[in-house]
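The values are calculated or read from the model by the stated rules, or taken from the named source; none is laboratory data. Here the structure is a predicted model, which is why all the values come from computation and not from measurement. Note that we place each Cβ from the backbone using ideal geometry, even for glycine, and neighbour counts take in every protein chain shown. Just so you know, the surface numbers come from the protein's heavy atoms only, side chains and all, with ligands and any DNA or RNA stripped out. Shrake-Rupley method; radii C 1.70, N 1.55, O 1.52, S 1.80 Å.
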Amino acid sequence: QVQLVESGGGLVQAGGPLRLSCVASGRTISSYGMGWFRQAPGKEREFVAAIKWSGGSTVYPDSVKGRFTISRDNAKNTVFLQMNSLKPEDTGVYYCAADRNYYGARYSEYDYWGQGTQVTVSS
């Protein structure tokens, strides 16, 4: 079992940065694909970023490409999401996810999820 705990959310003005962290416990995540998703009230969960187990490959949707960066520190069992140039439409609960065999946009593929951290971007 893998437990994931997100942190770093909060209230930020539009245009500002925010950095999220996801700390894993229970198992080392060096061989896991990791992803970030978000969910706004009344909307479906949306893919934000994913990174391969080695960290050598990342995936982003067009909505965040160039503004968000996912990275990982396997020695610390931690994944990060650096968010720059934030927009009000980036508001939502951000979730970290892990899977031994997958990294990508399909949330149904991930086996482990954190509880989420709230990000609110004011205009």
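Observations on the model:
- The number of residues in region 59-73 being surrounded by 16 or more Cβ atoms within 10 Å (Cβ to Cβ) and either within 11 Å of the chain's Cα centre (by Cα) or among the acidic types (Asp, Glu) (or both) comes to 5.
- Total residues in region 24-58, condition within 12 Å of Tyr95 (Cα to Cα) and either open to solvent by 40 Å² or more (accessible area, probe 1.4 Å) or assigned to a strand (DSSP E or B) (or both): 12
- Of the numbered criteria (1) among the polar types (S, T, N, Q); (2) part of a loop (DSSP other than H, G, I, E, B); (3) out of contact with any Lys or Arg (no Cβ under 6 Å at 6 or more places or on another chain); (4) over 21 Å from Tyr112 (Cβ atoms), the one Thr69 fails is (2).
- Meets criteria (surrounded by fewer than 12 Cβ atoms within 10 Å (Cβ to Cβ), more than 11 Å from the chain's Cα centre (by Cα) and within 26 Å of Gln1 (Cα to Cα)) for Gly15: no
- Of all residues in region 74-108 being among the hydroxyl-bearing types (Ser, Thr, Tyr) and open to solvent by 50 Å² or more (accessible area, probe 1.4 Å), the one that is modelled with the highest pLDDT: Ser85
- The condition of being in contact (Cβ under 8 Å) with a residue 12 or more places away in the chain, basic (Lys, Arg) and under 23 Å from Glu109 (Cα atoms) holds for only one of Arg45, Arg19, Arg67, that being Arg45.
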